[in-house]
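A.B. asks: Submitted below is the structure of interest, expressed as structure tokens.
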Amino acid sequence: MGIGVAPDGDLVLIEQMVAATESAIIVPAHTRPAREMPGANAFLAPEHKVVLSQDADRGRRTGRPAVQNPYLGLRNYTDNLLRRGFTDADIDGSGRDALIDALVAHGSPEMIDARVDDHLTAGADHLGIQVLTEDPTASPVQAFRVLAEHRHAQWEHDGAGPLEQAPAAIAIRAPAAGPPAPVAPRATGT
């Protein structure tokens, strides 16, 4: 059971009941129609790449290889990007800056949090984030902690209740080249 993308760009139901969907390199504008297709009972979990850096050039330089290889070499992904309003020039080579900016959130924890919320507002039940680092062999755990601490602090600041009542809306995914990073609900002072 699942959904697929038809040649005309519409999401199509492969079987009558869909339990869950997971999509990579999509923008929130794709999350909304994905939510509408399977219906309210499906678990929708897109993925978004992030770079914890307020330097836009560094964010793009770090994120671009994860978009270019393999996605910009795979027709099913590039066709989907074209259907979502990107152009051939956007996806050519290593991808234009506007494409990388759309597919790899970079900036402060607040800026990245806003991008996460865009997917959740568009209907995602859960968002997997893949934290990328300038050195692909470096551990992203510290960036995970910074992002998690910000998200938890924001939850409590907004008066939504104690952290224990916060929805589990974000999963942390290690880059494919590395092992999964351990993630605790709240980082300690160590």
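A.B. asks: Within segment 110-156, which residues are in contact with an Asp or Glu (Cβ under 8 Å, 6 or more places away or on another chain), assigned to a helix (DSSP H, G or I) and at pLDDT 85 or above?
C.D. replies: The answer is 147, and nothing else.
A.B. asks: Restricting attention to segment 85-133, report how many residues are touching a Lys or Arg at 6+ places or on another chain (Cβ under 7 Å), in contact (Cβ under 8 Å) with a residue 24 or more places away in the chain and more than 22 Å from residue 23 (Cβ to Cβ).
C.D. replies: Here the count works out to 1.
A.B. asks: Any residue in segment 141-149 that is buried (at least 17 other Cβ atoms within 10 Å of the Cβ), among the aromatic types (Phe, Trp, Tyr) and either in contact (Cβ under 8 Å) with a residue 40 or more places away in the chain or within 16 Å of residue 47 (Cβ to Cβ) (or both)?
C.D. replies: yes
A.B. asks: Taking residue 62 and the conditions (1) at pLDDT below 95; (2) in contact with a strand residue (DSSP E or B) (Cβ under 6 Å, 6 or more places away or on another chain), which numbered condition does it fall short on, given that it satisfies the others?
C.D. replies: Unmet condition: (1).
A.B. asks: Looking at segment 113-140, which of its residues are closer than 15 Å to residue 59 by Cα and touching a Leu at 6+ places or on another chain (Cβ under 6 Å)?
C.D. replies: Hits for segment 113-140: nothing passes.
A.B. asks: Look at residue 82 and say whether it is within 19 Å of residue 31 (Cβ to Cβ) and either surrounded by fewer than 19 Cβ atoms within 10 Å (Cβ to Cβ) or without any contact (Cβ under 8 Å) to a residue 60 or more places away in the chain (or both).
C.D. replies: Yes, satisfied.
A.B. asks: Name the single residue that is farthest from residue 145 (Cα to Cα) among those in segment 19-59 being modelled with pLDDT of 80 or more, over 15 Å from the mean Cα position of the chain (by Cα) and not hydrophobic (A, V, I, L, M, F, W, C).
C.D. replies: Out of the qualifying residues, it is 57.
A.B. asks: For segment 66-79: of the residues being of a type outside the set (Gly, Ala, Ser) and loosely packed, with under 13 Cβ neighbours inside 10 Å, which is farthest from residue 149 (Cα to Cα)?
C.D. replies: So the residue we want is 75.
The values are calculated or read from the model by the stated rules, or taken from the named source; none is laboratory data. Source: prediction; values computed, not measured. Note: ideal-geometry Cβ built from the backbone for every residue, glycine included; neighbour counts use all protein chains shown.
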